[in-house]
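Report on the following structure.
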Amino acid sequence: MRIPRTPGPCAPGILCYNISMKIGYPCINRGIGCTANHTFRLASYSEERLMSTVSENLACLKSILEYNLEKGLLFFRISSDIVPFASHPVCRFDWAGHFKKDFKNIGSFIKKHKMRISMHPDQFVLINSPREDVVERSIAELEYHRTVLETMELPRSAKIQIHVGGVYGDKPSAINRFAERYAKLSAPLRKRLVIENDDRLFSLKDCLEVHKMTGIPVLFDAFHHECLNNGEPLTKAVLSAAKTWKKGDGCLMMDYSSQEKGKRAGNHTRSIDTRKFRKFLKEAGSTEIDVMLEIKDKEKSALKALKIIKNG
DNA sequence: AGTTGTCAAGCTAGT
DNA sequence: ACTAGCTTGACAACT
């Protein structure tokens, strides 16, 4: 079925979607022959190794963004490995100062072409952990992500997405701890941090509660919501998450994926299921959103999604 | 050159 | 008490 395009807001009851929607994919481009997430073993750390790796990563990131621009993919997630070991005590190198020009150059390109950027630190970033050392390392890692986006001089609509964290046997306390720790983060970090509903522990409803306590925007993951929800239909869920994004945050960021058939629940599909994506667009697409396709074949599926949006 | 075990970081659920 | 899985790539040691 063809989805008609209408510019601007959609009239109630009319099937349409927002044409300002940006489509993207995370971290890796499988076609262009370079990657922006080279790393190395901690044991082989040296300043020289770090410098050459970061230099290579930045050059590739620029190439990926140029490819994306050419194809009309205006949303991208930058890999946390862009600067390996940046928050590890072993790294005392002023990488942000040393590569300032390169970061700034990439940032200018992003801004010039109105691209949207996110970053997604790994699962061990847990600001609600009962363990002080875990919290300390998590904050250092978050500050590293903030520094990347700041060195690129990107606006606060470039976001860092994390999950609420662990439950530790007591969800209300875990949520309270998140709120307390969030309040103590540096202001420039708080400006960029958003939480994402996960597929096992913290549902959209939980995240909205955290938002109520802290004001933190909620990034909505449609696939996680399929795995864990409180009965909210998709359209309603998207709207409730969108409301948590204030002026300056930009429009709601979403993660989208679908189930790989025959694999355990929560496993991301290899390639986009265009039928499901059309259904998703019908239900969510009239809200102002940017959509990150967490699909294993990366830009290939993102291009298919873009085609559907352009041509129905 | 190709293969395979392992990698900074944590939590949860299952044995 | 211990470990696989999360989700995944790619480094690096070994054939």
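The values are calculated or read from the model by the stated rules, or taken from the named source; none is laboratory data. Treat the numbers as computed from the prediction; the structure is a model and nothing was measured. As a convention, Cβ positions derive from the backbone with ideal geometry for all residues, glycine included, and neighbour counts pool all protein chains shown. Heads up: the accessible areas ignore ligands, DNA and RNA and are worked out on the full protein's heavy atoms, side chains in. Shrake-Rupley method; radii C 1.70, N 1.55, O 1.52, S 1.80 Å.
What's the center-to-center distance, using Cα atoms, between segment A:131-181 and segment A:55-112 in Å?
Answer, in whole Å: 21.
Which value, in debye to the nearest 20, gives the size of the charge dipole of segment A:144-253 about its Cα centre, when Lys and Arg are +1 and Asp and Glu are -1 at the Cβ?
Working: 17 positive and 13 negative charges, 102 e Å.
It works out to roughly 500 debye.
What percent does the relative contact order of chain A come to when contacts are Cα pairs within less than 8 Å and at least six residues apart? Working shown, then result.
On the way: 538 pairs, mean separation 63.4, N = 312.
Value for chain A: 20 percent.
Using only alpha carbon positions, build the gyration tensor of chain A, then give the equivalent ellipsoid semi-axes as the square roots of 5 times its eigenvalues, largest first, whole angstrom. Walk me through the intermediate numbers first.
Working: eigenvalues 180, 126, 63 Å².
Working from the Cα gyration tensor, I get semi-axes of 30, 25, 18 Å.
Quick one: length gained pulling A:Lys261 to A:Lys212 fully straight, 0.36 nm per residue minus the C-alpha distance? Present the calculation step by step, with values, prior to reporting the outcome.
Numbers: separation 49, 0.36 × 49 = 17.64 nm, distance 3.64 nm.
Separation in residues times 0.36 nm, less the Cα-Cα distance, equals 14.0 nm.
Using DSSP, restrict attention to beta bridges with both residues in segment A:173-312 and report what percent are antiparallel, rounded to the nearest 5.
Working: 1 of 10 bridges.
So the antiparallel bridges in segment A:173-312 amount to around 10 percent.
So, for chain A, what is the accessible surface per residue at a probe of 1.4 Å, expressed in square angstrom?
Working: 14630 Å² over 312 residues.
That works out to 47 Å² per residue.
Taking the Cα centre of segment A:90-196 as origin and charging only Cβ (+1 Lys, Arg; -1 Asp, Glu), how large is the dipole, in debye to the nearest 20?
Numbers: 20 positive and 13 negative charges, 130 e Å.
Charge dipole of segment A:90-196: 620 debye, to the nearest 20.
Tell me the carbon and sulfur percent of the accessible area for segment A:80-142, rounded to whole percent, probe radius 1.4 Å. Show your work: numbers first, answer last.
Details: 1740 of 3340 Å².
That fraction is 52 percent.
Out of all DSSP beta bridges with both ends in segment A:19-311, state the antiparallel percent to the nearest 5.
That works out to approximately 5 percent antiparallel.
Which pairs break 25 Å Cα to Cα here: A:Lys62/A:Lys159; A:Lys22/A:Lys171; A:Lys100/A:Lys246; A:Lys22/A:Lys101; A:Lys112/A:Lys279; A:Lys62/A:Lys279? If you can, show how the numbers build up before the last one.
Working: A:Lys62/A:Lys159 19 Å; A:Lys22/A:Lys171 34 Å; A:Lys100/A:Lys246 29 Å; A:Lys22/A:Lys101 27 Å; A:Lys112/A:Lys279 33 Å; A:Lys62/A:Lys279 33 Å.
Check vs 25 Å cut-off fails for A:Lys22/A:Lys171; A:Lys100/A:Lys246; A:Lys22/A:Lys101; A:Lys112/A:Lys279; A:Lys62/A:Lys279.
Please give the calculated 222 nm ellipticity per residue for chain A, where each DSSP H segment of at least 4 residues contributes -39500 (n - 2.57) and the sum is spread over every residue; nearest 500 deg cm²/dmol? Intermediate values should be presented prior to the final figure.
Numbers: 11 runs with 130 residues, N = 312.
Taken over chain A, the calculation gives -13000 deg cm²/dmol.
Quick check for me: using +1 on Lys/Arg Cβ and -1 on Asp/Glu Cβ, what's the dipole size of segment A:19-311 about its Cα centre, in debye to the nearest 20? Walk me through the numbers before you get to the answer.
Numbers: 49 positive and 36 negative charges, 208 e Å.
Result for segment A:19-311 is approximately 1000 debye, rounded to the nearest 20.
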